[in-house]
Every structure is written in C-alpha cells, then in structure tokens.
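For reference, the structure is listed below as structure tokens.
The values are calculated or read from the model by the stated rules, or taken from the named source; none is laboratory data. Source: prediction; values computed, not measured. Heads up, the Cβs are rebuilt from the backbone with ideal geometry, glycines too, and the neighbour counts pull from every protein chain shown.
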C-alpha cells in the first residue's frame with residue numbers, strides 16, 4: 001500500500017460549510033427532522049447559464065469538488081470517484097411522477113437522464129474537461145467508503161491524485177416514505193437535542209463532501225488516509241473484535257487512538273451499537289459525533305471524515321461535538337466508525353501528517 005494524503009476538502013451540507021469563516025464550533029444542532037441544503041452562491045462555481053439545467057445534487061457536487069480541487073491546487077484530477085446511495089433523488093421522483101401524470105406517454109427524458117447515480121461525477125468531469133477514470137459506487141451507507149477504497153487502489157496502481165467524494169439528496173416523496181415506516185425521528189422529540197430525544201428514527205438531510213487524495217504531503221495537507229474497511233453485515237457481538245483486528249492490521253492498539261468519530265444519529269434502536277463501544281473499549285478515548293450537524297443520509301460518513309480532517313489540522317475539539325469529557329494532548333490517530341440501522345459498518349483510519 002502507498003501513502004494517501006488529503007490535500008483538499010470541500011463540503012456542501014445543511015450547515016454553512018462553504019463559508020471559510022465558519023468554524024465547527026459555530027455550527028448549531030439541527031432542530032427539524034427533515035433538513036434541506038444550505039445553498040451556497042452557486043454562481044461562484046458554475047456558469048449561470050448551466051445552473052438552471054442542473055439538479056441540486058449535481059450543483060452541490062460541482063461546488064464541493066471545486067473547493068477541494070482549488071485547495072489542492074489541481075485543475076484536472078487523474079481520477080474522479082463518487083459514492084451515492086440514492087443518486088439525484090429529486091429528478092428520480094420527478095420522472096416517476098411524470099410517468100403517472102402523463103399516463104406513460106409524451107415523456108421528456110431530461111429528468112431520467114439527470115436522475116442516474118453517475119450524473120454528479122459525469123457533470124464534474126464535463127465541467128473540468130476531464131477524460132480520466134470516472135466511476136460511481138452505489139453501496140447504500142458504505143458508498144463513500146467503497147469509493148475511498150477504489151481511490152486507494154487507483155493510487156497504488158500509479159495515479160498521483162484522485163478526486164473522491166460522496167453525494168446524496170433528500171427527495172420529498174422518498175422522505176415521506178421513510179417517515180411512514182418510522183425511519184424519521186418525530187420533530188417534537190428534538191427539543192432536548194438529537195441524542196436526548198429517546199425516540200426511534202433519525203434526522204434526515206442531504207449533502208456532499210469531496211476530497212483530493214495525493215501521493216505526497218505538503219504544508220496544506222489535512223491528514224493521511226491510512227486504511228478503510230467495510231462490512232455489509234456484522235453481528236454486534238463481533239464488532240469489538242473486528243475493530244481490534246482492524247487496528248492490529250495497522251499496528252495500532254485501542255490505547256493508540258487519540259480520537260474516535262462515531263455516527264450516532266439519536267435512533268434509540270441502533271445507537272446502542274455505538275454506546276457499547278463508548279462505554280466499553282473506547283471509554284478512555286476522546287469521542288465525538290457529527291450527525292446532529294449533518295443529518296442522516298447514505299454518504300453522511302463523508303461529513304464525518306471532513307470533520308475529522310478539520311480537527312486534525314486545527315488540533316482542537318469543540319464542545320458541540322463531544323460525546324465524552326476525555327481530553328487529548330494532540331490528535332494523531334483518528335478512527336471513524338459508522339453503521340446505518342445495524343448494517344453497512346465501516347472503519348476508516350486517519351492520522352496526522
């Protein structure tokens with residue numbers, strides 16, 4: 001395995017994450033159970049004539065990738081790899097509605113063309129004039145981590161840099177279905193905060209985060225990506241031993257971890273998976289969470305990695321992210337663990353550089 005340094009990051013989310021003046025401690029917890037994007041000034045990144053033709057997912061993907069590439073000082077990446085659990089969901093819903101409303105006749109293909117999962121990666125490439133490797137992975141809640149794995153493999157095969165990210169929209173009809181089956185947290189239970197809500201379900205949102213991986217570090221580097229591993233199904237009784245083996249494979253012990261970034265979303269039915277680790281083998285490790293800021297979506301773990309990159313560079317943990325009171329002198333080894341409704345477990349290991 002080679003070395004993979006994160007030299008540029010971009011984030012468009014339910015928070016004002018495109019504002020360079022905003023810091024993590026400035027973000028406020030989400031107070032609604034369905035939260036849309038904080039729309040940036042798209043005209044700064046996209047030609048006005050193109051904006052109206054793009055879906056929300058494409059626009060936020062173009063913006064986040066542009067910010068990441070600009071930070072890294074790269075014009076054309078050697079590969080573009082995108083993860084998306086649901087693709088451009090609003091256009092999918094629009095096309096299906098048109099089928100019903102028009103009795104399957106006289107349909108324009110535009111919404112269908114723009115609804116596919118690979119639309120975001122394709123539009124980024126078209127805007128850049130990039131004809132290099134371009135792939136989109138659709139692996140539910142591990143879509144982003146799968147993209148990271150492929151990015152590492154591409155760099156092992158000789159690529160000097162890779163643009164990799166995750167993107168997911170929230171669609172009103174799909175959100176209503178999640179609400180119908182109890183996946184969305186009751187809004188009235190959010191008064192005391194997501195973790196104190198004591199109810200099933202999560203706060204749903206949308207967002208996109210992109211990262212530029214390069215094979216060398218510089219003065220702008222955020223962190224080094226060390227390893228990634230995913231599991232579709234992992235019995236709760238085996239999570240601790242699996243995590244221990246993951247760290248052992250990277251010559252680390254639990255005591256070597258300075259910070260763990262967890263995907264707690266307030267769902268009392270599944271947050272116990274995190275709680276067992278928090279109160280067990282990780283009790284002496286500083287712990288943070290992020291989905292009270294980002295909301296839940298298939299690639300929300302990319303927001304977690306964006307958060308970890310910021311913390312490693314700033315070497316400071318804001319109070320609004322903390323899950324426990326364990327202090328740390330320096331943030332070197334950082335573990336990210338995420339799962340969604342008891343499945344699609346992922347481990348990502350970062351370290352300072």
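Of all the numbered requirements in (1) closer than 23 Å to residue 148 by Cα; (2) in contact with a strand residue (DSSP E or B) (Cβ under 8 Å, 6 or more places away or on another chain); (3) part of a loop (DSSP other than H, G, I, E, B), residue 327 misses one, and that requirement is (1). Do we have any residue at all in region 19-33 that's free of Cβ contacts under 8 Å to residues at least 40 places away in the same chain, surrounded by fewer than 17 Cβ atoms within 10 Å (Cβ to Cβ) and not in a loop (DSSP other than H, G, I, E, B)? Checking region 19-33: at least one residue is free of Cβ contacts under 8 Å to residues at least 40 places away in the same chain, surrounded by fewer than 17 Cβ atoms within 10 Å (Cβ to Cβ) and not in a loop (DSSP other than H, G, I, E, B). Residues in region 56-71: is at least one outside any helix (DSSP H, G or I), within 29 Å of residue 186 (Cβ to Cβ) and either modelled with pLDDT of 95 or more or in contact with a helix residue (DSSP H, G or I) (Cβ under 8 Å, 6 or more places away or on another chain) (or both)? Checked against the condition, which is being outside any helix (DSSP H, G or I), within 29 Å of residue 186 (Cβ to Cβ) and either modelled with pLDDT of 95 or more or in contact with a helix residue (DSSP H, G or I) (Cβ under 8 Å, 6 or more places away or on another chain) (or both), region 56-71 yields no hits at all.
Of the residues making up region 243-274, those that are in contact (Cβ under 8 Å) with a residue 40 or more places away in the chain and either over 22 Å from residue 319 (Cα atoms) or not assigned by TED's automatic domain parsing to the domain that holds residue 322 (or both) are 243, 246, 247, 250, 252, 256, 268, 269, 270, 273.
Given the options 49, 66, name the one that is assigned by TED's automatic domain parsing to the domain that holds residue 146 and crowded, with 17+ Cβ neighbours inside 10 Å. Talk me through it step by step, then tell me what you get.
Details: 49 fails: crowded, with 17+ Cβ neighbours inside 10 Å.
That would be 66, the only listed residue that is assigned by TED's automatic domain parsing to the domain that holds residue 146 and crowded, with 17+ Cβ neighbours inside 10 Å.
On the given criteria, is residue 35 within 23 Å of residue 113 (Cβ to Cβ) and within 17 Å of the chain's Cα centre (by Cα)? It would help to see each step written out before you state the result.
On the way: within 23 Å of residue 113 (Cβ to Cβ): no; within 17 Å of the chain's Cα centre (by Cα): yes.
Spelling it out, it is not the case that residue 35 is within 23 Å of residue 113 (Cβ to Cβ) and within 17 Å of the chain's Cα centre (by Cα).
Of all residues in region 97-132, which are surrounded by fewer than 15 Cβ atoms within 10 Å (Cβ to Cβ) and assigned to a helix (DSSP H, G or I)? Matches in region 97-132: 97, 99, 100, 101, 110, 113, 126.
Selection of region 261-314 for residues being more than 20 Å from the chain's Cα centre (by Cα) and either in a loop (DSSP other than H, G, I, E, B) or surrounded by 23 or more Cβ atoms within 10 Å (Cβ to Cβ) (or both) yields 268, 269, 280, 281, 282, 283, 284, 285.
Just one of the numbered conditions (1) in contact (Cβ under 8 Å) with a residue 60 or more places away in the chain; (2) under 21 Å from residue 203 (Cβ atoms) is not true of residue 277: (2).
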